[in-house]
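The structure appears below as structure tokens.
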Amino acid sequence: MNIAMIGLGYIGLPNALILARNGNCVLGVDIKEDVIEKLNAGIMPFDEPGLEKLFMEAKDNFRASLTLEHCDVYIIAVPTPLDREMKMADLKAVKAAAKSIATVLKEGDMVILESTVQPGTSRNFVIPILKRTGVKRFSYAHCPERAIPGKTLTEMVKNDRIIGGMDEASAKRAHDLYSTFIEGNLFLTDVTTAEFVKLMENTFRDINIALANEFALISEDIGVNVWEAIELANKHPRVNILKPGPGVGGHCIAIDPWFMVVKSTKSKIINVAREINDFMAIHVLKHIKDMIHGIEDPKITILGLAYKANVDDVRESPAFRVASVAENEGIDVVFHDPLIEGDPNNILDLNRAIEDSDCLVLITDHDAFKELDPRKLLVRHKNIIDTRNVLDHAAWMKAGFNVKVLGNGNNISCP
Ligand code: SAJ
């Protein structure tokens, strides 16, 4: 089959390559010239475990281009970022993709939207653009992606998926395509339900992380270690409390709940959860201020810019929020992330990032940070805040560090 993948990001590129490896002729389209150039030179535009190997297996059936051509199937996997003012999905990229498909669409083609959108977007926004072409017989489905960065290639193949069809025939046709590479189950429904289900999944996770964060805040007030308490509560067969942290990042969980809220006047808990998760950055600042109290011209080092462990993805990262609130207090902030270089230009190698530092703030639970030897770190003041509870605190204290752990009301402190 000739398949066009529009959007060659964290989801579109792996998906395009899996389809190409399976024998389809895949045209990858993106508006970013550097992405197209890199791919045509065999260079991956971002890191994802297994991606290079997959590319080598798929490259004979894959071509990257800035321009869309006629294909049998068009899959849209473009970003739908949050329009911060409106607190809803910015559909500019979806609109551009749909309009470019409209220029080449022919009778019998199929269009699939994978991008996350607010419920109703397919019916009220995308399908009408395609219908205005005058093409009468085309299939349309919404098949929201479910793969998690860091494990994208496995999850893209193994996870169950939801397919929402414009009509039953569309759902069935999309099912036939996805079943060529997905080992998980495929569940068919209508387009709007599929859009809603995707938002429910990420909202569920956001609310549960907010609950863990609220437990962390309460623990600090009542002198309990939330990490121990959660472990004990999770011994109950029907309880699975998630982990507290400096807030929620990523392209989905911190954003998708808003796409739901904008469609109804009834939501309450979703808004509160978002507020709690965003507030965690301010809470981390409170710990930072305690640690650097009395120090003139303080400088802190944020360890980890990525939004979560072992990925190089910084979208919506809590590290930026913590840095912003700290800078507003006159604190000098530099970053170190073993997986990220360059922009912003205050991302430094470890030694440069920690020299003259008055407090290290671990934001991302990268494995590399767990292996740091505190005895070898030359800082100005030996303070560390562990917002993920991943360090060997005894070892850090032995090396002379004051250690604060988010959510630990017993407060591991002075050595
Ligand atoms: N986090 C916590 N505590 C936890 C778990 C996560 O603070 O217990 C934080 C992480 O550090 C990170 C954020 O939440 O900042 C989100 O990370 P994540 O690993 O939970 O999820 P994402 O955003 O990488 O991917 C999610 C996944 N959705 C769900 O698990 C319901 C993935 O399956 C989706 O495909 C993806 O969103 C998406 O694209 O929608």
| request: For the stretch 2-184, give the share of DSSP beta bridges that are antiparallel, in percent and rounded to the nearest 5; count only bridges with both residues there. | output: 15
| request: When you have a sec, figure out the Kirkwood radius of the chain from all distinct Cα pair distances and drop it here in Å to one decimal? | output: 23.0
| Sum of -39500 (n - 2.57) over DSSP H runs of 4+, divided by residues of the chain (222 nm, nearest 500) | -11000 deg cm²/dmol
| Label-point separation (nm) for residue 96 and residue 208, each offset 7 Å from Cα along Cα-to-Cβ? | 3.5
| Nearest-ten-degree value, helix 269-292 long axis tilted from longest Cα axis of the chain | 30
| task | Take every Cα pair under 8 Å in the chain that's 6+ residues apart, average their separations, divide by the length, and report that relative contact order as a whole percent. | result | 11
| request: Measure off, as a whole percent, the carbon and sulfur share of the 1.4 Å-probe accessible area of the stretch 282-415, all protein chains present. | output: 46
| Accessible area (Å², per residue) of the chain, counting only protein heavy atoms and a probe of 1.4 Å | 46
| request: Report, to the nearest whole %, how much of the accessible area of the stretch 49-143 belongs to carbon and sulfur atoms, 1.4 Å probe, protein only. | output: 53
| note | Going residue by residue through the stretch 182-189, the Karplus relation 6.51 cos²θ - 1.76 cosθ + 1.60 with θ = phi - 60° gives ³J(HN,Hα) values, rounded to whole Hz and with x marking Gly or Pro, of 9, 8, x, 7, 10, 10, 9, 7
| said: Under the rule a/c < 1.5 gives rounded, and otherwise a/b versus b/c splits prolate from oblate, where does the stretch 273-413 land using the Cα gyration tensor? | reply: rounded
| query | Any idea what angle helix 92-102 forms with the longest principal axis of the chain, computed on alpha-carbon atoms, 0 to 90 degrees, nearest 10? | reply | 20
| note | To the nearest 20 debye, the chain has a Cα-centred charge dipole, built from +1 on Lys and Arg Cβ and -1 on Asp and Glu Cβ, of 1200
| message | With only alpha-carbon atoms in the gyration tensor, what are the semi-axes of the equivalent ellipsoid for the stretch 2-184, in Å, largest first? | response | 24, 18, 17
| Over the stretch 273-413, what is the mean sequence separation of C-alpha contacts under 8 Å (at least six apart), divided by residue count, expressed as relative contact order in percent? | 22
| query | So how tilted is helix 168-178 from the main axis of the chain? Cα-based, degrees 0 to 90, rounded to 10. | reply | 60
| message | Give the separation of the Cα centroids, the stretch 277-297 to the stretch 24-85, in Å. | response | 41
| query | Of the heavy-atom accessible surface of the stretch 177-255 (probe 1.4 angstrom), what whole percent is carbon and sulfur? | reply | 59
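The values are calculated or read from the model by the stated rules, or taken from the named source; none is laboratory data. Keep in mind it's a predicted model, so treat the numbers as computed, not measured. Counting neighbours? That spans all protein chains shown, and the Cβs are built from the backbone with ideal geometry, glycine included. Note: areas computed on protein heavy atoms with side chains; ligands, DNA, RNA excluded. Shrake-Rupley method; radii C 1.70, N 1.55, O 1.52, S 1.80 Å.
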